[in-house]
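Heads up: the structure comes next, in structure tokens.
Just so it is clear, none of the values below were taken in a lab; they were calculated from the coordinates. Everything numeric in this text was worked out from a predicted model, so none of it was measured. Please note: Cβ atoms are built from the backbone with ideal geometry, for glycine as well, and neighbour counts cover all protein chains shown.
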Amino acid sequence: MISTVYAVLFYLATILLVVGVGMRVWKYATTPVPLNIVVSPAPRTKRGVVFRMFREVIFFESLFKSNKWIWIFAYLFHWGMLIVLLRHLRYFTLNTWWWVEIISPIGRLMAFAMLAGLLGLWARRVLQERIRYISNPSDHLMLALLVGIAASGALMSYVTHTDIIMVKAYMLGLLRFRIGDMPTDPILMVHLGLVALLMIIFPISKLLHVPGVFFAPSRTLVDNAREKRRVSKWARNLPPLPEGIPANEEA
Amino acid sequence: MAPLDDKKDVPMFSDYPQQIPKIECGASLDTDTFKAYPEHNEALGFPGELLPNWKEVAIAKMGELAKKNRAFQVYLDACVKCGACTDKCQYFLGTSDPKNMPVARQDLLRSVYRRYFTFAGKYFPWLVGARDLTKEVLDEWYTYYHQCSQCRRCAVACPYGIDTAEISMAAREILDSVGVGQKYCNEIIAKLKKTGNNLGLNPKALRATLEDMEEDLLDETGVEVKIPLDVKGADILLITPSADFFAEPHIEGLMGYAKVFHSAGVSWTLSSYASEAANFGMFIGSYENMREVSWRIRQAAKDLGVKRIIFGECGHAWRVAYSFLNTLAGPFDFLDQNYPIPQHILEFTLDEIESGRLKIDKSRNDEHVVTFHDSCNVARGSAMGDKEGGQFDVPRAVLKAVCNNFHDMERDTIRENTFCCGGGGGLLTDDLMDLRIKGAKPRMTALKQVADEHGVNKMVAICAICKTQFAKVMPKYGFDMDTIQSAHQLVANAVILDGQETEDDAE
Ligand code: HEM
Ligand code: HEM
Ligand code: SF4
Ligand code: SF4
């Protein structure tokens, strides 16, 4: 029964996540950029832009330059989460890949990096008056959600272990559209419930920063405006203006 | 200039490094700029007065902009409220009003966007800070989107490059579309459409002014340096801000360009039809108006049959010229493709200096200890030369070539981190004087530091707005008005023209 409820929940969450983010990405990709508004100094070549975006995504370069505290916490959180997620691949692959085995012990520790980062960000959100001012309830809840996921995961990892083999069998089954049995440990149920919730809210929340970062014209355009025109479709339909100076207006 | 020690009682500097103030809600709420009269709005194609169905129109406009402009859509969605931008805006640093923190400024509009366009905002408005569009909200937009100079300092700080300037422009466009325009911008654009420049200067008056300048140049150098107007068949069309025709220290800059052109031996001309470099269409976020204003330059270039277009010292103008002109008024296939289209006067001058064609006596600027204020829109919205960062290096190369004493201000306040002068983006109006003074504080603080440590007594800017703004607010901070200089003013001091009589003991 519980296994079925979670199965339905995960299928639903996956559909919402994929369709939701897909629609958003489609919208971003098809919305025109009528003017070159890259924030300079900016690279003059496509390759330069790829390198710039690589630095932004891998190192959070701009954030590093603008605020060291946020950067440290953001870095701990995001990289912690990335490695944790890679370690999670073992629940979704029949024969765990060798490199997932290798990072697995690190991944287990990364729960703490993630938690430290999240709690640091949360502390700033509460204690730093400027950030408190710009925070809405959803900003706190988002952190609570992620702390909940990380804490429940760490509990399973370090305190009340769950039957990992069974989790794996269940997840592999879901991938093949077969609903098996999952362990009914309360902590695991909390963990998975929150994960499903995260997936559901992803396309309707600020987590849209993930696709957004790749579509922000201020960073992703090439500084080539003097050489390259960009006239968007709607601008092409504007009424034509006269060539040369109309006789009655001549000086 | 007067020694700074005499002016110890200036109360407004913050300590260096720059202090971040505690927030003070509503501190800047009463700083409002005058609204446009119906005739100004109508001249730009907007409704004259607040529409009865303004709410529906505003929301529809917001939806339209989200469809027409990817930046607007992505920026509204992507902000994670990390707070990295909160201490970056000179208007927040100067006023302490939290709504002048870039992300809070965006949120004034984002909250309404969420209410009408997002799932969370429609069904759980309290959760995501979504709110209905009311008259109070509209007024708040008017107030705080006219306390943003669209300088993009926040965009550099943001991990996603979210550019509050884009949001401000969109907000002003929405306000205009419901009949709430700003007097300063809309009146000026209306004037330009009539006369070709922001001042409403007619060709006759313009010609007389230029003749006066030619006389001054003759008196000073003994050489007949011309400032040609409407000369058909000239090679170069110079587009320069109209402030260069009448304001100080702008005029000195224009006389500097004239000397450089004279010495280079090129044929050049101004145009009375396009006697304005600045494009206020950008300030109000109106693509249509920006295109119309830009188009005049194309018309003038065709009409005069020139081969090149060069822009004078003007910040926002150079952003529009460098980044948008080709799109808005191109293609410029009728111009000489061997030169950048358009070119900046500093690029031209640097070429002349580096090739050795321009004769320079640096020692003529020895009394000046110079620093450079990177104008925000040049720094973050354009480029010069062919290398990344040329917009910082070209002006500095020119300054260092014409004077011996140059010191940069603190790294955090120059180049891509430069502050706005406090008067950019349509705020250079007397009704916003209080805001302008406060917005200049971070720059004045950085200047005071180099003045104290290196004896800097001149600050160069390459923007008509910066020059006017600083000439006005510097005295409030205890600096002489003429501390602010045009780049080509220093060039002009140092240039020696062929046949110019030089008094060696003059300096
Ligand atoms: C391409 C991948 C990603 C990049 C480049 C990226 C970048 C960033 C940056 C620069 C910040 C601002 C600093 C901060 O407040 O932490 C941030 C915040 C945040 N990110 Fe990501 N992120 C990525 C993926 C994700 C994913 C997959 C999640 C979801 C689980 C996520 C969740 C968050 C949250 C919740 C915040 C806000 C933290 C706060 O409240 O302060 N990010 N992200
Ligand atoms: C359907 C997806 C997921 C499943 C089936 C799942 C399952 C599990 C299980 C069984 C554990 C315990 C590991 C052990 O005992 O050694 C765990 C740990 C953990 N999980 Fe998840 N999880 C999922 C998604 C996520 C997501 C999306 C996040 C983060 C945003 C996350 C964060 C963590 C963390 C931080 C730990 C503790 C560290 C570790 O052992 O890797 N999990 N998860
Ligand atoms: S663009 Fe400039 S003035 Fe506007 S919010 Fe950003 S930093 Fe402030
Ligand atoms: S830096 Fe960018 S993401 Fe962070 S609060 Fe400011 S606008 Fe939002």
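One table, with the values for the structure above:
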quantity	calculated
Enumerated helices (runs of 4 or more DSSP H) restricted to the range A:1-96, each holding at least 2 residues that are aromatic (Phe, Trp, Tyr)	A:2-30, A:46-59, A:68-88
Total residues in the range B:258-296, condition more than 18 Å from residue B:312 (Cα to Cα) and part of a helix (DSSP H, G or I)	6
Residue list for the range A:128-144, restricted to those being at the interface with chain B (Cβ under 7 Å from one of its Cβ atoms), part of a helix (DSSP H, G or I) and under 20 Å from the mean Cα position of the chain (by Cα)	A:137, A:138, A:139
Elements of type helices (runs of 4 or more DSSP H) in the range B:92-157, at least 2 residues being among the aliphatic types (A, V, I, L, M) and within 16 Å of ligand 1 (Cβ to nearest atom)	B:102-117, B:125-128, B:153-157
Residues located in the range B:15-49, provided they are within 14 Å of chain A (Cβ to nearest Cβ) and closer than 21 Å to residue B:285 by Cβ	B:45
Where residue B:87 falls short, out of the listed (1) surrounded by fewer than 24 Cβ atoms within 10 Å (Cβ to Cβ); (2) in a helix (DSSP H, G or I); (3) within 16 Å of ligand 4 (Cβ to nearest atom)	(2)
Given (1) touching a residue at least 60 places away in the same chain (Cβ under 8 Å); (2) out of contact with any Leu (no Cβ under 9 Å at 6 or more places or on another chain); (3) closer than 27 Å to residue A:121 by Cα; (4) away from chain B (no Cβ under 12 Å), number of the condition residue A:13 does not satisfy	(2)
Search result, residues across the range A:108-127 that are more than 14 Å from every other protein chain (Cβ to nearest Cβ) and closer than 22 Å to residue A:197 by Cβ	A:110, A:111, A:114, A:115, A:119
Hits in the range B:392-412 - residues which are surrounded by 18 or more Cβ atoms within 10 Å (Cβ to Cβ), in contact (Cβ under 8 Å) with a residue 60 or more places away in the chain and within 14 Å of another protein chain (Cβ to nearest Cβ)	B:395
Leading residue by the ranking (farthest from ligand 4 (Cβ to nearest atom)) among those in the range A:108-125 that are free of Cβ contacts under 8 Å to residues at least 40 places away in the same chain and in contact with a His (Cβ under 8 Å, 6 or more places away or on another chain)	A:122
Residue check, residue B:341 assigned to a loop (DSSP other than H, G, I, E, B) and touching a Cys at 6+ places or on another chain (Cβ under 6 Å)	no
Residue match in the range A:73-81 (condition: away from chain B (no Cβ under 14 Å), over 30 Å from residue B:88 (Cβ atoms) and crowded, with 19+ Cβ neighbours inside 10 Å)	no
Output for the range B:160-197, where each listed residue is touching a Lys or Arg at 6+ places or on another chain (Cβ under 6 Å) and closer than 15 Å to residue B:149 by Cα	B:163, B:164, B:165
Criterion: at the interface with chain A (Cβ under 9 Å from one of its Cβ atoms), out of contact with any His (no Cβ under 7 Å at 6 or more places or on another chain) and of a type in the set (A, V, I, L, M) - qualifying residue of B:112, B:103	B:103
Single unsatisfied condition, residue B:462 versus (1) in contact (Cβ under 8 Å) with a residue 12 or more places away in the chain; (2) more than 30 Å from residue B:224 (Cα to Cα)	(2)
Residue selected from the range A:195-241 under the condition outside any loop (DSSP other than H, G, I, E, B) and of a type in the set (Lys, Arg), by the criterion surrounded by the most Cβ atoms within 10 Å (Cβ to Cβ)	A:219
